[in-house]
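Below is one structure, written out as structure tokens; comments come after it.
Each value in this text was obtained by applying a stated rule to the coordinates, not by laboratory testing. From a predicted model like this one, the values you see are computed outputs, not experimental measurements. So basically every Cβ, Gly included, is an ideal-geometry build from the backbone, and we count neighbours across all protein chains shown.
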């Protein structure tokens, strides 16, 4: 293996681990903040008969972002539900063809997610959350960001499929 290829592989592995760590950290932060807000609001309501007015709305936003981060993490690690009953018995060329068709359909779905997110941003550009005052376009921008990230993961998977490389960049899953 040439030194350039080794360097690219090393950088790719480091980037992959960084993205894994980043997504995991973002999910943990969202879950922690959401749990703290809900717990604090419950305590305030029962003990002092008042609560934080924006905590329910913010918890909902944090939950949405936690789902975005978790979905992206699962896409990167090939952990989404898949049924390989048929593809498992097919010869390799047909398995590759099924993988390409599946990837194309997923790219189309990501395109719809990105397009829908963009449409919702344009519609809600001046809309804010009722309790937080947070611009709602931020939620839809998260959908676009995760759609772009997941489309990138799908493209990497398709490239690995076509070049006969393991589907997972680190660890060789599948």
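Annotations
- Cα gyration tensor, segment 36-80 - rounded (a/c under 1.5), prolate or oblate: prolate
- Stokes-Einstein translational diffusion, segment 3-162 - Kirkwood Rh over all Cα pairs, 1.306 mPa s, 10 °C, in µm²/s: 86 µm²/s
- Extension reserve of the residue 20-residue 5 stretch, reckoned as 0.36 nm per residue once the Cα distance is removed: 3.2 nm
- Helical mean residue ellipticity (222 nm; -39500 (n - 2.57) per DSSP H run of 4+; nearest 500) of the chain: -26500 deg cm²/dmol
- In this simple spin-label approximation, residue 108 and residue 52 carry label points 7 Å from Cα along the Cα→Cβ vector, and these lie 4.4 nm apart.
- Cα centroid of segment 48-83 to Cα centroid of segment 84-106, whole Å: 31 Å
- Acute angle (nearest 10 degrees) that the helix 92-123 long axis makes with the longest principal axis of the chain, alpha-carbon atoms: 30 degrees
- Taken along the Cα-to-beta-carbon direction at a fixed 7 Å, the label points for residue 164 and residue 64 span 4.6 nm.
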